[in-house]
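Undergrad: Have a look at this one before I ask anything.
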Amino acid sequence: MTAPLIEHIGILVPNLEEAIERWSAATGYTFSPIARYRTDRYADHTGPEHFHDARISFSKEGPPRIELMEVTGAGTHGPSELGIHHFGFPGTADCLGRMGELAAQGIRHDGVAFDGEGRILLWFTEKQALDGIRLEYVSRLPGPTVADNGSALWVDPATGRNSLWGPPEPVR
């Protein structure tokens, strides 16, 4: 198996607008417009499936890109989880299979988002299993990401995936 490269590093922050300003000034990076990863079906150690609405912004620079996420709820994205949150691996072909492989190594999961048909959209390893950092495996399925105001994002016709950046600038 070829090891996948880390595509992004997720950092949980108390205020997303302030974090974008601070991280932009410190790194010179450009961050996407704010979006929301919004799903009715998220489960973590706080209980069964529940609504999850995480405000996010990604750096244009990378990989690895920086994902800034604002605190939400009391579980995997709650205030006690501030700081480096996860290393992200999008494009996972078989999330359930990967979950099983890691479970066989004693690495459990904590945080799973499902689509309407019950398929895994993304999942996180348990924080304690890997020295206080989660791994995030994101499926190839389109995710439930919307603009910060709840409207639909532009969809890239080539990939069928939402874009935080909108359509590409026309070539002149």
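The values are calculated or read from the model by the stated rules, or taken from the named source; none is laboratory data. Values in this document were obtained by computation on a predicted structure and should not be read as measured data. Cβ: placed from backbone, ideal geometry, glycine included. Neighbour counts: every protein chain shown.
Undergrad: Do we have any residue at all in the stretch 54-61 that's over 20 Å from residue 127 (Cα atoms) and surrounded by fewer than 18 Cβ atoms within 10 Å (Cβ to Cβ)?
TA: Looking for residues that are over 20 Å from residue 127 (Cα atoms) and surrounded by fewer than 18 Cβ atoms within 10 Å (Cβ to Cβ), one finds at least one in the stretch 54-61, hence yes.
Undergrad: Looking only at the stretch 21-53, count every residue that is closer than 26 Å to residue 112 by Cα and among the hydrophobic types (A, V, I, L, M, F, W, C) and tell me the total.
TA: Adding up the residues that qualify gives 5.
Undergrad: Oh, and also: Pick from 117, 101: which is of a type in the set (Asp, Glu), loosely packed, with under 13 Cβ neighbours inside 10 Å, at negative phi and modelled with pLDDT under 95?
TA: Result of the check over 117, 101: 117.
Undergrad: Just name the residue that is surrounded by the fewest Cβ atoms within 10 Å (Cβ to Cβ) out of those in the stretch 1-41 that are assigned to a strand (DSSP E or B) and charged (D, E, K, R).
TA: The residue in question is 40.
Undergrad: While we're here: Check whether at least one residue in the stretch 66-88 is among the aromatic types (Phe, Trp, Tyr), closer than 22 Å to residue 166 by Cα and either buried (at least 16 other Cβ atoms within 10 Å of the Cβ) or touching a strand residue (DSSP E or B) at 6+ places or on another chain (Cβ under 6 Å) (or both), and report yes or no.
TA: Of the stretch 66-88, the ones among the aromatic types (Phe, Trp, Tyr) are 87.
Okay, now just the ones that are also closer than 22 Å to residue 166 by Cα, so none.
So far as the stretch 66-88 goes, no, none of its residues is among the aromatic types (Phe, Trp, Tyr), closer than 22 Å to residue 166 by Cα and either buried (at least 16 other Cβ atoms within 10 Å of the Cβ) or touching a strand residue (DSSP E or B) at 6+ places or on another chain (Cβ under 6 Å) (or both).
Undergrad: Can you confirm whether residue 131 is over 20 Å from residue 53 (Cα atoms), surrounded by 12 or more Cβ atoms within 10 Å (Cβ to Cβ) and without any contact (Cβ under 8 Å) to a residue 60 or more places away in the chain?
TA: It is false that residue 131 is over 20 Å from residue 53 (Cα atoms), surrounded by 12 or more Cβ atoms within 10 Å (Cβ to Cβ) and without any contact (Cβ under 8 Å) to a residue 60 or more places away in the chain.
Undergrad: For the stretch 143-160, enumerate the residues that are at pLDDT below 90 and crowded, with 16+ Cβ neighbours inside 10 Å.
TA: 143 - this is the single residue of the stretch 143-160 that is at pLDDT below 90 and crowded, with 16+ Cβ neighbours inside 10 Å.
Undergrad: Picking from 76, 125, which residue would you name as being within 17 Å of residue 6 (Cα to Cα) and of a type in the set (Ser, Thr, Tyr)?
TA: Being within 17 Å of residue 6 (Cα to Cα) and of a type in the set (Ser, Thr, Tyr) holds for just one of 76, 125, which is 125.
Undergrad: Taking residue 109 as the residue in question, decide whether it is out of contact with any helix residue (DSSP H, G or I) (no Cβ under 7 Å at 6 or more places or on another chain), within 17 Å of residue 42 (Cβ to Cβ), modelled with pLDDT of 95 or more and not β-branched (Val, Ile, Thr).
TA: It is false that residue 109 is out of contact with any helix residue (DSSP H, G or I) (no Cβ under 7 Å at 6 or more places or on another chain), within 17 Å of residue 42 (Cβ to Cβ), modelled with pLDDT of 95 or more and not β-branched (Val, Ile, Thr).
Undergrad: What number goes with the only condition from (1) hydroxyl-bearing (Ser, Thr, Tyr); (2) at pLDDT below 95; (3) closer than 18 Å to residue 122 by Cα that residue 2 does not pass?
TA: Here residue 2 meets the rest and fails (3).
Undergrad: Could you please tell me which pairs satisfy a Cβ distance under 6 Å, a separation of 6+ or placement on different chains, a first residue in the stretch 83-98 that is under 14 Å from residue 109 (Cα atoms), and a second residue that is in a strand (DSSP E or B) and polar (S, T, N, Q)?
TA: From residues that are under 14 Å from residue 109 (Cα atoms), the pairs are 95/139; 98/92.
Undergrad: Here's something else I'd like to know. Where in the stretch 85-166 are there strands (runs of 3 or more DSSP E), lying fully within it, with 1 or more residues that are of a type in the set (D, E, K, R)? Can you show your working first?
TA: Details: elements: 109-114, 120-125, 134-139, 145-147.
Strands (runs of 3 or more DSSP E) meeting the threshold: 109-114, 134-139.
Undergrad: Considering only residues that are of a type in the set (Lys, Arg) and free of Cβ contacts under 8 Å to residues at least 40 places away in the same chain, which ones fall in the stretch 99-128?
TA: Those that are of a type in the set (Lys, Arg) and free of Cβ contacts under 8 Å to residues at least 40 places away in the same chain: 108, 119.
Undergrad: While we're on this one: Just the residues that are in contact (Cβ under 8 Å) with a residue 40 or more places away in the chain, farther than 16 Å from residue 37 by Cα and in contact with a Phe, Trp or Tyr (Cβ under 6 Å, 6 or more places away or on another chain), please, taken from the stretch 60-82.
TA: Correct list: 65 only.
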